[in-house]
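Note sheet for the following structure.
The values are calculated or read from the model by the stated rules, or taken from the named source; none is laboratory data. Here the structure is a predicted model, which means the values were calculated and not measured. Backbone-built Cβ (ideal geometry, glycine too); neighbour counts: all protein chains shown. Surface areas here come from the heavy atoms of the whole protein model, side chains and all, with no ligands, DNA or RNA. Shrake-Rupley method; radii C 1.70, N 1.55, O 1.52, S 1.80 Å.
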Amino acid sequence: EAQVTQNPRYLITVTGKKLTVTCSQNMNHEYMSWYRQDPGLGLRQIYYSMNVEVTDKGDVPEGYKVSRKEKRNFPLILESPSPNQTSLYFCASSSHPPRPQHFGDGTRLSIL
Amino acid sequence: SQQGEEDPQALSIQEGENATMNCSYKTSINNLQWYRQNSGRGLVHLILIRSNEREKHSGRLRVTLDTSKKSSSLLITASRAADTASYFCATATLTETSGSRLTFGEGTQLTVNP
């Protein structure tokens with residue numbers, strides 16, 4: 001089954017404690033992206049990757065890092081999380097950006 | 001800044017009625033896509049309409065695109081309670097650096113009452 005898998009689905013942590021949200025897709029897609037969803041703000045793109053070893057900033061990259069060492073994986077790293085990064089995060093992938101994206105089920109992060 | 005803006009923000013109808021949601025955007029697009037999100041879940045792609053198309057159908061969904069007005073509408077006919085969800089439009093635009101990017105609006109919350 002074609003899918004994008006995110007882990008963990010839920011995480012409550014404290015300010016400053018480094019965390020990583022993993023994302024994996026099994027569709028051999030070149031394009032992957034991270035979004036955050038906040039009430040009243042819709043989905044905002046954090047980072048995206050056009051292919052292995054190619055990443056670029058989206059609209060809200062501050063406080064986040066990503067890496068793309070393998071085609072299937074695109075982890076999101078919060079080196080020093082802060083409360084304003086409390087949000088619902090989605091990973092998505094696509095064979096090519098203008099084409100529809102496949103989304104994971106989301107990761108709800110709470111930073112206390 | 002958000003490229004797509006949906007209207008209305010919330011819509012409540014009775015089962016069997018039609019639901020219409022609108023999306024406006026600001027710049028030239030490659031295509032426009034509609035997604036659905038059930039509460040707490042990921043977005044699911046519904047339909048894509050290219051910039052050179054004016055109307056597209058998929059089952060009970062009908063999408064129109066007016067590039068002169070920079071607007072699109074999504075019509076769900078004969079709605080069902082299971083259609084209750086948030087609906088998002090997303091515009092695909094071409095960029096010099098990334099080739100293309102997808103920008104989402106804030107969504108319309110549709111509630112279909114049994």
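Let me spell it out: the conditions are (1) under 22 Å from B:Gln37 (Cα atoms); (2) in contact with an Asp or Glu (Cβ under 9 Å, 6 or more places away or on another chain), and A:His102 meets all of them except one. Which number is the exception?
Checking A:His102 against (1) under 22 Å from B:Gln37 (Cα atoms); (2) in contact with an Asp or Glu (Cβ under 9 Å, 6 or more places away or on another chain), the one that fails is (2).
Return the pairs, sorted by first residue and then second, in which the second residue is surrounded by fewer than 11 Cβ atoms within 10 Å (Cβ to Cβ) and not in a strand (DSSP E or B), the first residue lies in the range A:1-23 and is on the phi < 0 side of the Ramachandran plot, the beta carbons are less than 8 Å apart, and the residues are 6+ apart or on different chains.
Going by the 8 Å Cβ cut-off, the qualifying pairs are A:Ile12/A:Leu112; A:Thr13/A:Leu112; A:Val14/A:Leu112; A:Thr15/A:Pro83; A:Thr15/A:Leu112.
If you go through the range B:21-43 one residue at a time, do you hit one that is open to solvent by 80 Å² or more (accessible area, probe 1.4 Å), modelled with pLDDT of 95 or more and closer than 24 Å to A:Ala92 by Cα?
The first filter runs over the range B:21-43 and keeps only residues open to solvent by 80 Å² or more (accessible area, probe 1.4 Å), leaving B:26, B:28, B:39, B:41.
Now drop any that are not modelled with pLDDT of 95 or more, which leaves none.
No, there is no match, as no residue in the range B:21-43 is open to solvent by 80 Å² or more (accessible area, probe 1.4 Å), modelled with pLDDT of 95 or more and closer than 24 Å to A:Ala92 by Cα.
Does the range A:62-112 hold any residues that are under 11 Å from the mean Cα position of the chain (by Cα) and free of Cβ contacts under 8 Å to residues at least 60 places away in the same chain, and which are they?
Within the range A:62-112, A:Tyr64, A:Lys65, A:Val66, A:Ser67, A:Asn73, A:Phe74, A:Pro75, A:Leu76, A:Ile77, A:Leu88 qualify.
Looking at A:Glu30, A:Glu79, which one is more than 18 Å from B:Leu102 (Cα to Cα) and open to solvent by 60 Å² or more (accessible area, probe 1.4 Å)? Working first, answer last.
Numbers: A:Glu30 fails: more than 18 Å from B:Leu102 (Cα to Cα).
Exactly one residue qualifies, and that residue is A:Glu79.
Just name the residue that is nearest to B:Gln33 (Cα to Cα) out of those in the range B:49-68 that are under 13 Å from the mean Cα position of the chain (by Cα) and β-branched (Val, Ile, Thr).
Checking each candidate, the answer is B:Ile49.
Out of everything in the range A:82-99 that is in contact with a Phe, Trp or Tyr (Cβ under 8 Å, 6 or more places away or on another chain) and within 11 Å of another protein chain (Cβ to nearest Cβ), what residue ends up being surrounded by the fewest Cβ atoms within 10 Å (Cβ to Cβ)?
A:His96
Do we have B:Ser79 as open to solvent by 10 Å² or more (accessible area, probe 1.4 Å), of a type outside the set (D, E, K, R) and at pLDDT 95 or above here? Write out each step before concluding.
Working: open to solvent by 10 Å² or more (accessible area, probe 1.4 Å): no; of a type outside the set (D, E, K, R): yes; at pLDDT 95 or above: yes.
Answer is no for this residue.
Mind checking which residues of the range A:40-58 are within 13 Å of A:Gln85 (Cα to Cα) and more than 9 Å from chain B (Cβ to nearest Cβ)? Talk me through it step by step, then tell me what you get.
Kept after step one, since they are within 13 Å of A:Gln85 (Cα to Cα), are these residues of the range A:40-58: A:44, A:46.
Scanning the range A:40-58 gives a single hit, A:Ile46.
Show the residue pairs meeting these rules: Cβ distance below 7 Å; 6+ apart or different chains; first residue within the range B:9-27 and closer than 22 Å to A:Gly40 by Cβ; second residue aromatic (Phe, Trp, Tyr).
B:Met21/B:Tyr87
From A:Arg44, A:Arg9, A:Arg36, grab the single residue that is open to solvent by less than 30 Å² (accessible area, probe 1.4 Å), under 28 Å from B:Ala10 (Cβ atoms) and basic (Lys, Arg). It would help to see each step written out before you state the result.
Details: A:Arg44 fails: open to solvent by less than 30 Å² (accessible area, probe 1.4 Å); A:Arg9 fails: open to solvent by less than 30 Å² (accessible area, probe 1.4 Å).
It is A:Arg36.
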